[in-house]
Amino acid sequence: MLADRIMMRRMKSEHKKMVREKVSRLRGVLEGKRTLLIVMQDFPDPDAIAASAALRELAKSYQEVTTTLACGGFVGRAENRALLKYLGLNIKSLQGLNLESFGAIALVDTQPCAGNNGLCRDVVPDIVIDHHPMRPQSRKSPFFDVRRRYGATSTIMQEYMVVAGVALSVPLATALLYGIRSDTADLGREAVQADIEAYLALYPISNKRMLGRIAMARVPRTYFRAIGMGLKNAHSAGNCVYTLLGSVENPDIVSEIADLLLRDEETTWALCIGAYGNQLLLSLRTSDLQANAGRVMGRLVGRTGTGGGHSVMAGGQIPVAAPSAEAFHKRAHEVVARFLRVLGNAGAPPSLLMGDDGEDQEAAAIWR
C-alpha cells in the first residue's frame, strides 16, 4: 500500500513536470507575438469555447497578447450561445480574417486537416491543443499538446492555468467546468483521473446557478421540429438505430439526436445524418465501452470524407459535389448501408423505432 502511494506521488510529480515544460514551451512560442488567432471547430462546442477562452487569458497574462477567436461556421446550440454570452466572448467568422495579419495561430479542440475546422490545409498553425486522436499534421506545428486519453481539452487548459499561476475568474472556471461536463457526460464518458481532478478543482469556484442556466437555455421551436423529424425517421436494425434529418439549420442538432437515440434500451450504436451546406454531417454514438467509434466513423466517411473521434463518440463530414435533395438522399443511404454492414447488421430487417402508422393511430385515438 505504501509502495502504491509512493508510485502515485511520483507519477503526479512527473505529470506536473511535463505540464510545466509544456507551459514554458507555449510561452516561448508566444514570445514577441502581439496578436494571436485562436481557431475552433466550425461549430464550437462548450469544450472548445472554454478551452479557447482559457488560452486567451493565458496569452494575455504573458505579455498582453491581443487575441481573436474565430470559427468557420457559427455557434448554433442554445447552451453554447448562453456560454458565450456569459463569458462576454465575440467569435468572428474565419472567412473574413486576414491570417497573415496575426503573429501566431492556434487550433484548439481540433487539429489540422481534421475536416471540422475552416483553417486551410496549407496553413501550419503555431499551436495545437486538443484531446482527440493525434493527426500527423499536428506534429508540424512548433507547439502541440494532443492528449487522446483526456476527456476534454478544458482539462488540459485547467492544468496550464494552475501551473502558470494564472488566477481563474468565476466565469472562466464555470466555462471550463461546463466544458468538462459536456464532453464527458458529467464524468461518465471517457473521463480519466485528470478530468476528475480538474472538475473537483473547478467546482468550488464556479457559478452553480449559471451552470444550470446554461444547461437549460431556451431553444427555438425549430429545435423541437428537428427532434420530431429525427424520431419520426428513426429506424432500428439489430442493435443499431439510425435516422436522417434532411437539411438542418443548426449542425449541432445532429449530435444531439444521436445522443438521444442511444438512450434506447435495445440500442448499442446510434447514427444521425443531416445535410448542411454542401456536406453530409454524421454523428455516431455507442454504449459499447470496448468499441472504437472513431475507427468506425473512418470507415463510414471513406476516402471522400473526414471524420474521427473517441471510443464511444465520433463525428464526420462527407462533401457532396452537386448538392441536391436527391444527391444527399442517395449518399445518406449509402452511409446507412455501410453503417449496418460494418456493424454486422446488414441482413437485419429495419423497422421504425416509434412503430408503424397503425400504432401511431392507435396511440392518437387515446386523446380523442
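The values are calculated or read from the model by the stated rules, or taken from the named source; none is laboratory data. These numbers come from a predicted model, not from an experiment. Quick reminder, even Gly has a Cβ in these numbers, built from the backbone with ideal geometry, and neighbours come from all protein chains shown.
When restricted to residues that are surrounded by fewer than 20 Cβ atoms within 10 Å (Cβ to Cβ) and either in contact with a His (Cβ under 8 Å, 6 or more places away or on another chain) or at pLDDT 95 or above (or both), region 101-122 contains 2. Please tell me if Ala226 is more than 18 Å from Asn345 (Cα to Cα) and surrounded by 16 or more Cβ atoms within 10 Å (Cβ to Cβ). Yes: the conditions hold for Ala226.
The residue that is nearest to Gly277 (Cα to Cα), among those in region 66-78 that are at pLDDT below 95 and surrounded by 20 or more Cβ atoms within 10 Å (Cβ to Cβ), is Gly73. Of all residues in region 232-250, one or more are surrounded by 18 or more Cβ atoms within 10 Å (Cβ to Cβ), within 20 Å of the chain's Cα centre (by Cα), outside the structural domain of Thr110 (by TED's automatic domain parsing) and part of a loop (DSSP other than H, G, I, E, B).
Inside region 336-355, residues that are surrounded by 14 or more Cβ atoms within 10 Å (Cβ to Cβ) and part of a loop (DSSP other than H, G, I, E, B) make up a count of 6. For region 116-131, does any single residue satisfy the condition of being part of a loop (DSSP other than H, G, I, E, B), touching a Leu at 6+ places or on another chain (Cβ under 8 Å), of a type in the set (Val, Ile, Thr) and closer than 30 Å to Arg34 by Cβ? Yes, that holds for at least one residue. The condition (being more than 24 Å from Gly308 (Cα to Cα), under 19 Å from the mean Cα position of the chain (by Cα) and of a type outside the set (Lys, Arg)) is satisfied by just one residue among Ile257, Ile214, Ile273: Ile214.
Being more than 19 Å from the chain's Cα centre (by Cα), part of a loop (DSSP other than H, G, I, E, B) and surrounded by fewer than 24 Cβ atoms within 10 Å (Cβ to Cβ) is the requirement here; does Glu265 meet it? Yes. Looking at Val123, Val75, Val146, Val65, can you tell me which residue is free of Cβ contacts under 8 Å to residues at least 40 places away in the same chain and over 26 Å from Tyr178 (Cα atoms)? The conditions single out Val123. Just for region 171-229: of the residues that are assigned to a helix (DSSP H, G or I) and basic (Lys, Arg), which one is nearest to Leu352 (Cα to Cα)? In this case the residue turns out to be Arg225.
Tallying residues that are surrounded by fewer than 16 Cβ atoms within 10 Å (Cβ to Cβ) and β-branched (Val, Ile, Thr) within region 285-309 yields 1. Kindly check whether there is at least one residue in region 144-159 that is modelled with pLDDT under 95 and either outside the structural domain of Pro204 (by TED's automatic domain parsing) or farther than 23 Å from Gly305 by Cβ (or both). Yes: region 144-159 contains one or more residues that are modelled with pLDDT under 95 and either outside the structural domain of Pro204 (by TED's automatic domain parsing) or farther than 23 Å from Gly305 by Cβ (or both). Filtering region 38-92 to residues that are over 17 Å from the mean Cα position of the chain (by Cα) and part of a loop (DSSP other than H, G, I, E, B) leaves Glu64, Val65, Gly88, Leu89, Asn90.
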